[in-house]
Amino acid sequence: MEPNRSPQATLNDLIDRILDKGILLNTDLIISVAGIPLLGVNLKLALAGMETMLEYGIMKDWDEAQRAVASKEAVMERPCLDENESILFSMFGTHWYSKGIYNSWRAGTIYITDKRLIMFRKMPAEVLLEICYEDIKAMSIQERDHFTGEKRQELHILMKDEEVIKLHTKDTVFLEKAIEDIMKKKELNLEDNPAFPDKKEVLGDFLYPGEEVVNSGKIWYQMPFTSEGSVRYVWKPGHLYLTDKRLCWWYDFERKLYFDIPADDISHVTVQDVQFGSAPVQEKSLIIMYKEGNENKVVCFHDNETSLHEWEKVISEYAKEHMDGKNTETCPRCGKKASKESLLENGCSRCGWVSFKFGRSIPVNQQVH
């Protein structure tokens, strides 16, 4: 290419020349001070359109890599099928995923084949769910509240290992019927009126053997921390769990318990206004008072007001049941249950037993034989 000078050349002409012919710069630059070389620059620059670059063998590896990725994505437009497996129909849907610190509805395409149900996401390509019809125990359509404020239908699939898989589509009834029809053709039976386990999902493995979750949910915790010798507080998101033994809060991000007290130590629970952050603004929060040794302590949680009142009711009722259970005794003679104070002071109304400590007797006409 011979250099030339044209006073009529415009910026568009320059860009066309760069894209078509390109610019190749190869130079060595030495910077000296007082005749002493201090810095050396070896500069190699190629600037041209991609077609010109590839024509001269520049950026060929990058081009091949990009073509390989595009080819792979084109192949992964749908899930890989087994030999002789065919897709009967497909539909867009969502699947509830809750493992580890991640729990959400994941969207993808549900493929119903003659062998299994597959949920596949194109970008990035991944099989989100795979169910063999032989492993399905029962199915049920449940109505659940949606964040939009409306109710929607979800297909709950009970597997033989008691796991419940939740799916949602635009036509959930059609999805259920399609699965039932395939299972009938395969002579696979579904249980009628199954009892779906109402298990509370637990993010960590902190439960004791035999411990059962009574209630759980996402909630903000006013976490204490020490800074410059003083105790301060910061709101952190996590999950609150009420079990048959204790009340505890699980921090999702660090995957550990930051609050854990026996349920018997809860003395009072209420919902009231609490300052939220450094601003002079108060928000409804759940205040729980409990005992730790001889000390009375307070812990604070925050969520929407409806959720807070639900927690207040559940914890209050649970604490009352525990308190009533601790105050209940049985008559040593006939086994009748009554409060501890009543048995000690008045004796048993069924068999007439009285405590030697008080020595009171029940009138004969009031005894039940």
Simple spin-label model, 7 Å along Cα-to-Cβ: K336 to K236 in nm?
5.3 nm
Can you give the FRET efficiency to the nearest 0.05 for E345 and K297, using r as the Cβ-Cβ distance and R₀ = 41 Å?
0.75
Mind checking the full-extension length gain between T306 and E228? Use 0.36 nm per residue of separation minus the Cα-Cα distance, one decimal, nm.
24.4 nm
Whole-Å distance, taken between Cα centres, linking segment 227-265 and segment 118-184:
34 Å
Testing the spin-label approximation: label points 7 Å from Cα along Cα→Cβ at N215 and K21. State their distance in nm.
8.0 nm
Short version: ³J(HN,Hα) in whole Hz for each residue of segment 288-299, in order, from phi by Karplus 6.51 cos²θ - 1.76 cosθ + 1.60 (θ = phi - 60°), x for Gly and Pro, what are they?
10, 9, 8, 9, 10, x, 9, 9, 9, 10, 10, 10
For K291, give me every one of the aspartates and glutamates with a C-alpha distance below 16 angstrom, ignoring sequence neighbours fewer than eight places off in its own chain.
D260, D264, D265
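Since every read-out is calculated from the coordinates, none of them should be taken as a lab result. Since we're looking at a predicted model, the values are computed, not measured. For neighbour counting, all protein chains shown are included, and Cβ atoms are generated from backbone atoms with ideal geometry for every residue, glycine included.
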